[in-house]
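Here's the structure, in structure tokens; my notes come after.
The values are calculated or read from the model by the stated rules, or taken from the named source; none is laboratory data. Values in this document were obtained by computation on a predicted structure and should not be read as measured data. Neighbour counts are summed over all protein chains in view; Cβ atoms, including those assigned to glycine, are modelled from backbone coordinates with ideal geometry.
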Amino acid sequence: MSEQRAKQYLIDTYHASRLEQLTGGYTNQTYLLHGTAPLLVAKIASPFHTDMTVEARSLRLLEDTALTPALYE
């Protein structure tokens, strides 16, 4: 999926008024979705990031703790 299509998907799916790219990420693009309640942060994996499945599984395992935010997709 192209970057532009991914951004449009986030706007359409979560009804965000705008996206703000956050800095400091190492392997993923990270966006703050303005206009959502609660505010959401979306990570878009690089096609070269081979460990995204492991990262998602790790976050799912910790989802019921106070250590990670809720996961939506």
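Looking only at segment 9-27, how many residues end up being closer than 14 Å to ALA45 by Cα and surrounded by 15 or more Cβ atoms within 10 Å (Cβ to Cβ)?
Within segment 9-27, residues that are closer than 14 Å to ALA45 by Cα and surrounded by 15 or more Cβ atoms within 10 Å (Cβ to Cβ) number 1.
Please go through segment 40-70 and give me each residue that is hydrophobic (A, V, I, L, M, F, W, C) and over 21 Å from ARG5 (Cα atoms), ordered by number.
VAL54, ALA56, LEU59, LEU61, LEU62, ALA66, LEU67, ALA70
All but one of (1) loosely packed, with under 11 Cβ neighbours inside 10 Å; (2) part of a helix (DSSP H, G or I) hold for ALA56, so report the exception by its number.
(1)
Would you call THR65 loosely packed, with under 11 Cβ neighbours inside 10 Å, at pLDDT below 90, not small (Gly, Ala, Ser) and not in a loop (DSSP other than H, G, I, E, B)?
Details: loosely packed, with under 11 Cβ neighbours inside 10 Å: yes; at pLDDT below 90: yes; not small (Gly, Ala, Ser): yes; not in a loop (DSSP other than H, G, I, E, B): no.
No.
From the list TYR31, TYR9, exactly one residue is outside any strand (DSSP E or B), within 17 Å of TYR72 (Cβ to Cβ) and either of a type in the set (Ser, Thr, Tyr) or in contact with a strand residue (DSSP E or B) (Cβ under 7 Å, 6 or more places away or on another chain) (or both). Which is it? Lay out the reasoning, then the answer.
Working: TYR31 fails: outside any strand (DSSP E or B).
The conditions single out TYR9.
Could you check segment 37-53 and list, in sequence order, the residues that are loosely packed, with under 12 Cβ neighbours inside 10 Å and either at pLDDT below 75 or at positive phi (or both)?
Passing the criteria: PRO47, PHE48, THR50.
So, in segment 4-30, of the ones that are basic (Lys, Arg) and free of Cβ contacts under 8 Å to residues at least 24 places away in the same chain, which residue ends up farthest from VAL54 (Cα to Cα)?
Only one residue fits best here, namely ARG18.
Can you tell which of ALA42, ALA16 is among the hydrophobic types (A, V, I, L, M, F, W, C) and either farther than 14 Å from GLU73 by Cα or outside any strand (DSSP E or B) (or both)?
Step by step, each of ALA42, ALA16 is checked, and only ALA16 is among the hydrophobic types (A, V, I, L, M, F, W, C) and either farther than 14 Å from GLU73 by Cα or outside any strand (DSSP E or B) (or both).
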